[in-house]
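Visitor: After the structure tokens below, expect a handful of questions from me.
None of the figures in this text is laboratory data; all of them are computed from the coordinates on show. Please read all numbers here as calculations on a predicted model, not as lab measurements. All Cβ positions, glycine included, derive from the backbone under ideal geometry; neighbour counts span all protein chains shown.
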Amino acid sequence: MMDSNDKGVWYKEYKQGRRFLVKIRPGESLVESIKQIASKEVIHNAVILSAIGSVKNVHLNDIKSGAKLPITSARLTFHELEGPLELLSLSGNIVPAESGQANCHLHIMASKSSGDVVGGHMQDAEVFATCEIVLVELVLEGIERHLSKSGGTPTIFFAEE
Amino acid sequence: MMDSNDKGVWYKEYKQGRRFLVKIRPGESLVESIKQIASKEVIHNAVILSAIGSVKNVHLNDIKSGAKLPITSARLTFHELEGPLELLSLSGNIVPAESGQANCHLHIMASKSSGDVVGGHMQDAEVFATCEIVLVELVLEGIERHLSKSGGTPTIFFAEE
Amino acid sequence: MMDSNDKGVWYKEYKQGRRFLVKIRPGESLVESIKQIASKEVIHNAVILSAIGSVKNVHLNDIKSGAKLPITSARLTFHELEGPLELLSLSGNIVPAESGQANCHLHIMASKSSGDVVGGHMQDAEVFATCEIVLVELVLEGIERHLSKSGGTPTIFFAEE
């Protein structure tokens, strides 16, 4: 299953776990709401299949043009968008951190009044009118998220790496 | 299953229904094509997993900066893009309206010749060269879409709310 | 299963195949990495459910405003973004070409330091810090990708068309 012949690409087959349709109400934090579901349902690994709605107070960061690895804070640009904005995409996964706690890695895209789309690595955002998410559990062992020293960003690691 | 302890987050486990690979031809309406499949296959709830292709005559709306709830027409900006544009994302779901008819809630992203991405809540768009969609049925009871008085937008409601 | 009454919309039910969680390391090609997994695991048809991370040297193309069908090279604009950029979305599918080889049709979105999102039809991109992908196999017969003479772009065709 694991591609051990080529260190450039790692992969693992997983089994489908539970599937959830989620609605988050105005004023709630996207990150806290997802963590709350993961905690209550004891979900270790999951991926977001779909997310639409509207958001405000979006906190995100992007990589500075020309930045080198590892990614450090000085190589990131931090943005705060008050909005409200249409939520066009929330992609990412839940994988346990070294502590065993659910750790979300989420990227967001949202549109301004002009229709222009802005996005990046999401720290958090608040639901404006509604948020409808489809989240599915991945059943697999031997992965966790920790800091990549070479990349400088928390990423998925496979146990055999 | 239902998170009744916290009114901020509602969720429900669903079962996987049928899965469809879809191709829509030039000149067809995205919304009408999706509704047509839902009608012919008697699909009540579904989510779009993937959509790429190209589009023209895209009608979408975004929320005006600084807008308050509820979202009213006066608080939206309406855009029409003649294009053609690359279709980069079509996210959203099909959930029955109060009438029982399939109701699509779709957000679109597409790129201009410059590479700049525009997007928003999609009213409709026409297929330019092709559109390839993966659509899966969600099997669950007790949800429908109706107008949220507080949010001002049609959203998913769970029967127990 | 096949909608043969309306030539505007084609669709086919598929069965779920294997599911893979993938991590691609810095410096690797996204397209070659995905093709490598398809080749090693003998995956004929697949769809990307989720992809986040960061990329550099992104090669993509968009359609010129006002372009007519068929899409020819002269009607496309080619962009190269050195980046690095946050990878916000990689959508698309793997379907066999006429040769039987895996053929990827992928659209990408990524954000610049400003937060502005750029995207289009992806020729290729290189992983910057990491790339986390969820890829699932679609089990179905009778589809392949070949050039659409009317559309001018390689697209999915169903055997019965």
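Visitor: Across peptide B:75-86, how many C-beta atoms of other chains are within 10 Å of each residue C-beta, on average?
Guide: Values: counts 2, 2, 5, 1, 4, 0, 2, 2, 5, 10, 5, 11.
Neighbouring Cβ atoms belonging to other protein chains average 4 per residue here.
Visitor: Right, here's the next one. Hey, how much of the P(r) for chain C falls beyond 25 Å, as a percent of Cα pairs?
Guide: Values: 4707 of 12880 pairs.
Taking all Cα-Cα pairs of chain C, the fraction more than 25 Å apart is 37 percent.
Visitor: Another question about this same structure. Can you grab the distance from the C-alpha centre of the stretch B:114-142 to the C-alpha centre of the stretch C:32-81, Å, no decimals?
Guide: Their Cα centres are 18 Å away from one another.
Visitor: Taking θ as phi - 60°, what are the ³J(HN,Hα) couplings along the stretch C:127-138 by the Karplus curve (6.51, -1.76, 1.60), each to the nearest whole Hz, with x for Gly and Pro?
Guide: Values, residue by residue: 5, 8, 8, 6, 8, 10, 10, 10, 10, 10, 7, 9 Hz.
Visitor: Once Rh is set to the Kirkwood radius over Cα pairs, what Stokes-Einstein translational diffusion coefficient, in µm²/s, holds for the stretch A:72-126 at a temperature of 37 °C and a viscosity of 0.692 mPa s? Display every interim value, and only then the final one.
Guide: Working: Rh = 12.8 Å.
In µm²/s, the coefficient rounds to 256.
Visitor: For the stretch B:4-161, what is the charge dipole size about the Cα centre, in debye to the nearest 20, if Lys and Arg each add +1 at the Cβ and Asp and Glu each add -1 at the Cβ? Could you put the intermediate results ahead of the total?
Guide: Working: 16 positive and 19 negative charges, 20 e Å.
Charge dipole of the stretch B:4-161: 100 debye, to the nearest 20.
Visitor: Which of C:Asp62, C:Asp124, C:Asp116 moves the most in a Gaussian network model of chain C with Cα springs under 10 Å?
Guide: Among C:Asp62, C:Asp124, C:Asp116, the largest GNM mean-square fluctuation belongs to C:Asp116.
Visitor: Still on this structure: Quick one: go through the stretch C:83-115 and flag any residue whose amide nitrogen is under 17 Å from the point 7 Å out along the Cα-to-Cβ line of A:Lys64.
Guide: Flagged as within label range: C:83-86, C:112-115.
Visitor: On a straight-distance basis, which aspartates and glutamates could pair with C:Lys15 in a cross-link, Cα separation under 20 angstrom, same-chain partners fewer than 8 positions away excluded?
Guide: The reachable aspartates and glutamates, counting only those whose Cα sits under 20 Å from C:Lys15, are A:Glu13, A:Glu137, B:Glu41, B:Glu132, B:Glu137, C:Asp3, C:Glu41, C:Glu137, C:Glu141, C:Glu144, C:Glu160.
Visitor: Additional query: I'd like to compare B:33-41, C:88-96, B:73-81: which one has the highest average count of other Cβ atoms within 10 Å, and what's the full order after that?
Guide: Working: B:33-41: 18.6, C:88-96: 25.6, B:73-81: 14.3.
Ranked from most to least packed, the peptides come out as C:88-96, B:33-41, B:73-81.
Visitor: Only Lys, Arg, Asp and Glu count, each charged at its Cβ (+1, +1, -1, -1), so figure out the dipole size of the protein assembly as shown about its Cα centre, rounded to 20 debye. Provide the component values of the computation, followed by the final result.
Guide: Numbers: 48 positive and 60 negative charges, 47 e Å.
That gives a dipole near 220 debye.
Visitor: With contacts defined as alpha carbon pairs under 8 Å and 6 or more residues apart, what's the relative contact order of the stretch B:26-157 in percent? Mind dumping the intermediate values first?
Guide: Values: 309 pairs, mean separation 46.4, N = 132.
35 percent.
Visitor: Choose one of A:Val95, A:Ser54, A:Ile24: the residue whose Cα lies farthest towards the positive end of the charge dipole of the stretch A:1-132 (beta-carbon charges +1 Lys, Arg; -1 Asp, Glu; about the Cα centre).
Guide: So the residue we want is A:Val95.
Visitor: What are the residues whose amide H is under 5 Å from the amide H of C:Asn45, where those residues sit 5 or more places off or on another chain and H is modelled from the backbone?
Guide: Sorted by chain and number, the residues that satisfy this are C:Leu138.
Visitor: Continuing with the same structure: Under a GNM of chain B (C-alpha, springs under 10 Å), which listed residue has the highest mean-square fluctuation: B:Leu138, B:Leu147, B:Leu69?
Guide: Result: B:Leu69 has the largest fluctuation of those listed.
Visitor: Which listed residue (B:Tyr11, C:Ile37, B:Gln123) has the Cα farthest towards the positive end of the charge dipole for the protein assembly as shown, taking +1 on Lys and Arg C-beta and -1 on Asp and Glu C-beta about the Cα centre?
Guide: B:Gln123
Visitor: Listed here are the pairs B:Lys56/C:Lys68; A:Lys12/C:Lys12; A:Lys7/C:Lys56; which of them are more than 22 Å apart at the Cα? It would help to have the intermediate numbers written out before the result.
Guide: Details: B:Lys56/C:Lys68 11 Å; A:Lys12/C:Lys12 28 Å; A:Lys7/C:Lys56 19 Å.
From B:Lys56/C:Lys68; A:Lys12/C:Lys12; A:Lys7/C:Lys56, over 22 Å: A:Lys12/C:Lys12.
Visitor: Work out how far the C-alpha atoms of the stretch C:1-93 reach from end to end along every principal axis, then list the three figures in whole Å, largest first.
Guide: Between the extreme Cα coordinates on each principal axis of the stretch C:1-93 lie 48, 41, 21 Å.
Visitor: Give the Rg/Rh ratio for the protein assembly as shown, taking Rg as the radius of gyration of the Cα atoms and Rh as the Kirkwood radius, to two decimals. Please list the in-between numbers first.
Guide: Working: Rg = 20.6 Å, Rh = 22.1 Å.
Reported Rg/Rh, Kirkwood definition of Rh: 0.93.
Visitor: Using 0.36 nm per residue of separation minus the Cα-Cα distance, give me the extension gain between C:Phe78 and C:Arg18 in nm, one decimal. Please list the in-between numbers first.
Guide: Working: separation 60, 0.36 × 60 = 21.60 nm, distance 3.47 nm.
So the extension gain works out to 18.1 nm.
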